[in-house]
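Have a look at the structure below, then the notes.
The values are calculated or read from the model by the stated rules, or taken from the named source; none is laboratory data. Computed from a prediction, not measured in an experiment: that's the story for all the values here. Using ideal geometry, Cβ is built from the backbone for each residue, glycine included, and neighbour counts are taken over all protein chains shown. Heads up: the accessible areas ignore ligands, DNA and RNA and are worked out on the full protein's heavy atoms, side chains in. Shrake-Rupley method; radii C 1.70, N 1.55, O 1.52, S 1.80 Å.
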There are 4 protein chains.
Amino acid sequence: MVGVGLIGSGFMGKCHALAWTSVRAVFGDVPDIRLVHLGDANAALAETRARELGFERFSGDWRAVVADPEVDIVSVTAPNGFHAEMAIAALEAGKHVWCEKPMAPDFAAAERMAAAAAASGRVAVLGYNYIQSPAIRHIGVLLEESVIGDVNHLRVEMDEDFMADPDAPFFWKHEASSGYGALDDFAVHPLSLIEALFGKVSRVMCDMSRPYADRRTADGARRAVETHDVASTLIRLENGVAGTLLVSRSAWGRKGRLQIQLFGSRGSIVFDQERFNELRLYTTSDRPTEQGYRTILTAPHHEPYGRFVPAPGHGLGFNDLKTIECHELLRKIEGKPARLIDFDAGLEIERTVHAMARSFDEGRWVDVR
Amino acid sequence: MVGVGLIGSGFMGKCHALAWTSVRAVFGDVPDIRLVHLGDANAALAETRARELGFERFSGDWRAVVADPEVDIVSVTAPNGFHAEMAIAALEAGKHVWCEKPMAPDFAAAERMAAAAAASGRVAVLGYNYIQSPAIRHIGVLLEESVIGDVNHLRVEMDEDFMADPDAPFFWKHEASSGYGALDDFAVHPLSLIEALFGKVSRVMCDMSRPYADRRTADGARRAVETHDVASTLIRLENGVAGTLLVSRSAWGRKGRLQIQLFGSRGSIVFDQERFNELRLYTTSDRPTEQGYRTILTAPHHEPYGRFVPAPGHGLGFNDLKTIECHELLRKIEGKPARLIDFDAGLEIERTVHAMARSFDEGRWVDVR
Amino acid sequence: MVGVGLIGSGFMGKCHALAWTSVRAVFGDVPDIRLVHLGDANAALAETRARELGFERFSGDWRAVVADPEVDIVSVTAPNGFHAEMAIAALEAGKHVWCEKPMAPDFAAAERMAAAAAASGRVAVLGYNYIQSPAIRHIGVLLEESVIGDVNHLRVEMDEDFMADPDAPFFWKHEASSGYGALDDFAVHPLSLIEALFGKVSRVMCDMSRPYADRRTADGARRAVETHDVASTLIRLENGVAGTLLVSRSAWGRKGRLQIQLFGSRGSIVFDQERFNELRLYTTSDRPTEQGYRTILTAPHHEPYGRFVPAPGHGLGFNDLKTIECHELLRKIEGKPARLIDFDAGLEIERTVHAMARSFDEGRWVDVR
Amino acid sequence: MVGVGLIGSGFMGKCHALAWTSVRAVFGDVPDIRLVHLGDANAALAETRARELGFERFSGDWRAVVADPEVDIVSVTAPNGFHAEMAIAALEAGKHVWCEKPMAPDFAAAERMAAAAAASGRVAVLGYNYIQSPAIRHIGVLLEESVIGDVNHLRVEMDEDFMADPDAPFFWKHEASSGYGALDDFAVHPLSLIEALFGKVSRVMCDMSRPYADRRTADGARRAVETHDVASTLIRLENGVAGTLLVSRSAWGRKGRLQIQLFGSRGSIVFDQERFNELRLYTTSDRPTEQGYRTILTAPHHEPYGRFVPAPGHGLGFNDLKTIECHELLRKIEGKPARLIDFDAGLEIERTVHAMARSFDEGRWVDVR
């Protein structure tokens, strides 16, 4: 029996709750899950959400969740600025921690989180759920088996359009205090995939831009935008591979795009999160007259698709990725091999983001380490 | 508080269980759900599955589920041949029934089911989950708003390849006693969409074929295949629209294809279940130089996508459709409007399938009613 | 040196002229081509078009073209109703004939054309250019090599939207005297592909419909439409394969769609003329975890792509298909093997179209022969 | 009457010849074209090719073409290293020059070409045919009309795989003397599109890489590759727009990819040369529930598609782009407005390429001018 605490119940909070609710029925091989304690910004909200999401107790103070003796694992889904304090408190209280990405706007805080995790002996992992999809996992299999030979170049793009409207008003994400902009919001996701599939980034050269210099404020004035919605980065990996990582949160028409292009000596792979139940593979082992990208639909033989649906091509959903992540977390707690970005790996991702920002500021290549 | 009984725990049984598990957290506006009693072919299997899926009790006899006084709703997911007996027993015991499609191989049995539902005063619905997807629902909205004008022609195809391998052995689905073949397996799904979007089919003209005349048996002999993996039907709807309905379970490469093409006087709509988070729309209201099919990604403004994910383009999964269906069922039980295929509507679908088969046998157009 | 006469200089007339102009430079292995004589509806038009298209002489009377002793081959691109008279006259004058499809609205006239061709000893072929594309030719290669095993089912759709506007006025194509409607306009194209790839159609069961019952006339009244814009046909081939052939000229959004789906015992092929530089192939010889449709871009190893461009994926255009057809015609005249629909094969296509119409009229299956 | 000389008769030489052959019949509004003189590496080859391509005279010495008094325009399609000498000689002989891209491996030579063009008073243009496609031209119209608002970001990729095979032997394109690699081969094409659609590039930051460090030579040894098959560049345009330009000639699976993504304040445009008869457009002027990328098929209302085919969606081919370019050239010679990259604009493209290479060498941002 595992007791779960949840801090925050917005987009990702609900996503965690759904994962905790489903993981047993989907995978079968996990302990009973008890939804013990939900904490949110105030007691009234927490009560409503606890009832809807099925938690036994609620609290308007997140510290009560962390202190609850029946809570074994704490899901941290509050705004990024609170992650460090909450995660560290939970670890110090002897809880396992499942914290949404990124770790913290401030690198020193992220370092403290990693140190707390190391000191605690508990499992501390981050919510980089895109690495969990059957298609991405199968890319890992294909790379291990060298199906496209040695990878020599990669391109990754991540784009959405929630900042694309020039008439939308100024809000906190436009303030410098919120971070860099698209780098914090998006670059971390592609970096988690690069980390999972290839290893670390060694050098970066970044350019950033602001599609809209200023935005209207509530009082009818205009205020200069301080963050950057677009960031384009030349990268070099420690294994010698060169590539690019391009992100934008002002790309009209893109809703959840995360396109990966991997080029190897005997083929290539293309993937796009907007169609994450598909994978495109080109290999030179096909007869020349019939070479072409195969569009492979995910199926039970792409782990762990079959735990959800026994028929191919029926499709998983976004929330299912979080359920897979939850299962990996439970495996890790049980000491089994698991595919996750823990706080140490997460710290390397954030180190890379800060190096990108520094590269932009200084207009030059920057070594990540 | 609603008590749930589940009969059968295979592909669709697990799918029902996941829906029952998630529906409260996803939608919020439903009563507490209690997973009371799971019945399966024998007690050992039922026990294992009850534990995995989170049911309180189990039984190797489905009648125990139906008789359980704490069960309010019975999910019937046993093989098709058992549907009638189980559903009728549950209705007679005063339970609401959520039965997987199709109703029954034998039309008289389906008629008895509909009669039992009418007599019971309980809610009795079928698991036609494809009508629940946000894209399909949005097609309904577009048709109501006449965005593509008056529909004058439709084409529907449903194809998979689980029967496509000529070297796979003879099994019960190749026996005439199992039904017609692709008509039972697949044609009912497109018919549920036609029923939900347009109304009834009035006339049919069907051709069927067998890709493989015989198959090997366990003893190394060959046995003639008695069912048809492919069925192609010319149809006329009661509203005067002409169309075609083509199905195959031996279509190599198709995994969960269900393509709909709707042609109207001011535009057209194309949908494919293999990419069910997308919808393609062509309208003549666009400027001529920019007319083209728009690929619309599902988003929170396509009901009820937003209950799952607040961000557009992130995608629902196959199991989410069953959760939506479950929510509709709970709404119907509460007397609210709901989008479902009940036993009466289901009977009309099966009537159409039998008319198709008769049309093929007699080589002529057949009136459905 | 080959002398060319052209009758008609509209859409297909210009297309023939471009083919005659380019064929030598593209293929290299053909005789010199001399554009001798262009005939059109009147002398003024013929003069203008002869100058633009590069013909030496012109005439307002097509008989002058046929009679011209320096003309060896006559391209007949006048309206369908004139084909028989022109082609027969040209054959009787000892010319080879390259006539646009279809042969004639009236089957007896088509029969006379075939008889005249047989009697003349000249080459007489039809402009079914879709069979010439490198992708379609490569489908032929794949079928010969049995790459998808034995084909057991096919589906063909041909759709455009030039009749889709309900506000467009009544014109001659809506009169019964123009033929059946979509059957004449479109069904012949898919039939040419079936003929080229598989052989003859043996039985048909056709349904037709009118999206718009009447249309406005010049005087502001409304007149009943007599032809059918939509035709859907169940077909059986002489080789036993079952399939469907669906055509519409009122399908909003479709511009030049001609989709073919071929299902075999070891794979499937999908092709769409709107992207005719691509071919989609699924085979079970790929490893199961990587099976999927390959999108194959046409390339020099798909004959005769390389005669146009030596680099893969650069794409041929619609007019290039006519140039290939022209080359095949020249090969046939030289006695070499050629891939063409001659008048005999064309007659079989028209026989099938008339059988479809009769099937619709009588509401029953009709044997083509 | 215009007399044409052609130097070189390989891939692009044949492409020029086909354009010269067809341009009159396609467009109608141009003078008579006479194919006067073809020059190639030796007289035998020139004779064969002149016969095939329809030229009156031939020569094994290109200077004879330039000197021919009946030649008005010289098509220069010899290897890049010869462009400067040939083009300058032709201009000095009073001919108009149509030279394949790029101008010259050496920037000083390109400058001499531009100077010679200026001094000659003749028309001197480059073969950047991708800017001629109806889809690209229509992008220009959409940008002029501000259909996607103000463009704030662009991404361009150009990829092929003709260098992707690691087992292919070392040849002259791997020697430093041939230029930089992918920058020369490919980057110039996207730059021509940027030049045509937006204007000049002001700053660049480039990274290059070698997928394969060495290759086998004829004698069985291995030789270090000196050029770079991959180049990735951060760019800034003079109009302030930021973007990226990524090119590779070792990208397995890509055959003629040239993808453009343009992001504006009210929409976005996506184009890929591998499907150059299509254009994808997203605009916020659509109703939110139906916003999505429209796939627009080229049609007669996209200039000058209708000169080739009067029906939409039938598709132009790669060679047709050169015919359009040829028509623009003839218009320019007649003093009409024309869409072309002349030697001055071409020089700016090459200046940008050299700045990219310098940026890579020095590991820093470089101002193009």
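Looking at the range B:13-28, is at least one residue more than 27 Å from A:G13 (Cα to Cα) and either out of contact with any Gly (no Cβ under 8 Å at 6 or more places or on another chain) or surrounded by fewer than 19 Cβ atoms within 10 Å (Cβ to Cβ) (or both)?
Within the range B:13-28 (the criterion being more than 27 Å from A:G13 (Cα to Cα) and either out of contact with any Gly (no Cβ under 8 Å at 6 or more places or on another chain) or surrounded by fewer than 19 Cβ atoms within 10 Å (Cβ to Cβ) (or both)), the answer is yes, since at least one residue qualifies.
Please determine whether any residue of the range B:283-296 is away from chain A (no Cβ under 14 Å) and of a type in the set (A, V, I, L, M, F, W, C).
no
Just name the residue that is surrounded by the most Cβ atoms within 10 Å (Cβ to Cβ) out of those in the range D:261-283 that are within 28 Å of C:A311 (Cα to Cα) and touching a Phe, Trp or Tyr at 6+ places or on another chain (Cβ under 7 Å).
Top of the filtered list is D:L279.
What pairs can you find where one residue is in the range B:9-20 and assigned by TED's automatic domain parsing to the domain that holds B:F58, the other is assigned to a helix (DSSP H, G or I) and of a type in the set (V, I, T), and their Cβ atoms are less than 9 Å apart, with a gap of 6+ or different chains?
Listed by first residue and then by second, the contacts come to B:S9/B:T48; B:K14/A:V26; B:L18/A:V26; B:L18/B:T323; B:A19/B:T323; B:A19/B:I324; B:W20/B:T323.
Find all pairs meeting these conditions: Cβ atoms under 6 angstrom apart; at least six residues apart or on different chains; first residue within the range A:267-283 and in the same structural domain as A:Y293 (by TED's automatic domain parsing); second residue among the basic types (K, R).
From the range A:267-283, the pairs are A:V270/A:R280; A:E274/A:R257; A:L281/A:R294.
In the range B:284-320, how many residues are open to solvent by 20 Å² or more (accessible area, probe 1.4 Å) and of a type outside the set (A, V, I, L, M, F, W, C)? Break it down into steps so the answer makes sense when it comes.
Within the range B:284-320, the first condition is being open to solvent by 20 Å² or more (accessible area, probe 1.4 Å), and the residues that meet it are B:284-285, B:287-289, B:291, B:295, B:297, B:300-301, B:303, B:306-307, B:310, B:312.
In the following step, the residues that additionally are of a type outside the set (A, V, I, L, M, F, W, C) were identified as B:284-285, B:287-289, B:291, B:295, B:300-301, B:303, B:306-307, B:310, B:312.
Final tally of qualifying residues: 14.
On the given criteria, is D:D219 in a strand (DSSP E or B), of a type in the set (D, E) and either within 14 Å of chain C (Cβ to nearest Cβ) or farther than 24 Å from C:L297 by Cβ (or both)? Can you show your working first?
Numbers: in a strand (DSSP E or B): no; of a type in the set (D, E): yes; either within 14 Å of chain C (Cβ to nearest Cβ) or farther than 24 Å from C:L297 by Cβ (or both): yes.
So D:D219 fails the test.
Looking at the range C:110-125, is at least one residue within 16 Å of C:M12 (Cα to Cα), under 19 Å from the mean Cα position of the chain (by Cα) and not hydroxyl-bearing (S, T, Y)? Don't jump to the end; show me each part of the working.
Of all residues in the range C:110-125, those within 16 Å of C:M12 (Cα to Cα) come to C:125.
In the following step, the residues that additionally are under 19 Å from the mean Cα position of the chain (by Cα) were identified as C:125.
If we keep only those that are not hydroxyl-bearing (S, T, Y) too, we end up with C:125.
Yes, the range C:110-125 contains at least one residue that is within 16 Å of C:M12 (Cα to Cα), under 19 Å from the mean Cα position of the chain (by Cα) and not hydroxyl-bearing (S, T, Y).
When the range B:351-363 is examined, which residues are found to be out of contact with any strand residue (DSSP E or B) (no Cβ under 6 Å at 6 or more places or on another chain), surrounded by fewer than 16 Cβ atoms within 10 Å (Cβ to Cβ) and not in a loop (DSSP other than H, G, I, E, B)?
First pass over the range B:351-363, keeping only residues out of contact with any strand residue (DSSP E or B) (no Cβ under 6 Å at 6 or more places or on another chain): B:351, B:353-354, B:357, B:361-363.
Imposing the further condition that a residue be surrounded by fewer than 16 Cβ atoms within 10 Å (Cβ to Cβ) reduces the set to B:361-363.
The answer is B:D361, B:E362.
Which condition from (1) open to solvent by 10 Å² or more (accessible area, probe 1.4 Å); (2) of a type in the set (S, T, N, Q); (3) touching a helix residue (DSSP H, G or I) at 6+ places or on another chain (Cβ under 7 Å) is the one that D:N239 breaks?
(3)
So is A:I260 closer than 30 Å to D:G149 by Cα and touching a strand residue (DSSP E or B) at 6+ places or on another chain (Cβ under 9 Å) or not? Steps first, answer last, please.
Numbers: closer than 30 Å to D:G149 by Cα: yes; touching a strand residue (DSSP E or B) at 6+ places or on another chain (Cβ under 9 Å): yes.
Yes; evaluated as a whole, the condition is true for this residue.
Restricting the range A:32-53 to residues that are under 15 Å from A:G5 (Cβ atoms) and away from chain B (no Cβ under 14 Å), which is surrounded by the fewest Cβ atoms within 10 Å (Cβ to Cβ)?
If we filter the range A:32-53 for residues that are under 15 Å from A:G5 (Cβ atoms), which is where we start, we get A:33-40, A:46, A:49-50, A:53.
Applying the additional criterion that residues be away from chain B (no Cβ under 14 Å) yields A:36-37, A:39-40, A:46.
On the way: A:V36: 20, A:H37: 26, A:G39: 32, A:D40: 26, A:A46: 26.
Ranking the candidates gives A:V36 first.
Here are the criteria: (1) over 19 Å from B:I333 (Cβ atoms); (2) among the acidic types (D, E); (3) open to solvent by less than 50 Å² (accessible area, probe 1.4 Å). Tell me which single one B:E56 does not satisfy.
Condition (3) is where B:E56 drops out.
Search the range A:219-230 for residues that are assigned by TED's automatic domain parsing to the domain that holds A:Y180 and surrounded by 11 or more Cβ atoms within 10 Å (Cβ to Cβ) and pair each with any residue that is part of a loop (DSSP other than H, G, I, E, B) and polar (S, T, N, Q) when their beta-carbon atoms are under 8 Å apart and the residues are at least 6 apart or on different chains.
A:R223/A:T217; A:D229/A:S250; A:V230/A:S250
Quick check on my filter: what residues within the range D:1-22 are facing another protein chain (nearest Cβ under 10 Å) and β-branched (V, I, T)?
D:T21
Based on this model, can you work out whether C:R280 counts as modelled with pLDDT under 95 and in contact with a Ser or Thr (Cβ under 9 Å, 6 or more places away or on another chain)? Walk me through it before giving the result.
On the way: modelled with pLDDT under 95: no; in contact with a Ser or Thr (Cβ under 9 Å, 6 or more places away or on another chain): yes.
Here the answer is no, as C:R280 does not meet what is asked.
Within the range A:71-176, which helices (runs of 4 or more DSSP H) (wholly inside it) include 2 or more residues that are open to solvent by less than 10 Å² (accessible area, probe 1.4 Å) and without any contact (Cβ under 8 Å) to a residue 60 or more places away in the chain?
On the way: elements: A:83-92, A:107-120, A:134-144.
It comes to A:83-92.
Given the residues D:A251, D:A299, which is the only one that is in contact with a helix residue (DSSP H, G or I) (Cβ under 9 Å, 6 or more places away or on another chain), at pLDDT 95 or above and either under 24 Å from D:T77 (Cβ atoms) or not charged (D, E, K, R) (or both)?
Numbers: D:A251 fails: in contact with a helix residue (DSSP H, G or I) (Cβ under 9 Å, 6 or more places away or on another chain).
It is D:A299.
Out of all the residues in the range C:332-346, which are at negative phi and either at pLDDT below 95 or not in a helix (DSSP H, G or I) (or both)? Steps first, answer last, please.
Pass one, the range C:332-346, residues at negative phi: C:332-334, C:336-346.
C:E334, C:K336, C:P337, C:A338, C:R339, C:L340, C:I341, C:D342 - these are the residues of the range C:332-346 that are at negative phi and either at pLDDT below 95 or not in a helix (DSSP H, G or I) (or both).
Output the number of residues of the range C:321-350 satisfying the condition of being open to solvent by 10 Å² or more (accessible area, probe 1.4 Å) and more than 14 Å from the chain's Cα centre (by Cα). Walk me through how you get there before you give the answer.
From the range C:321-350, those open to solvent by 10 Å² or more (accessible area, probe 1.4 Å) are C:327-328, C:331-340, C:342, C:344-345, C:347-348; that's our starting set.
Narrowing further to those that are more than 14 Å from the chain's Cα centre (by Cα): C:327-328, C:331-338, C:344.
Residues that pass the stated criteria total 11.
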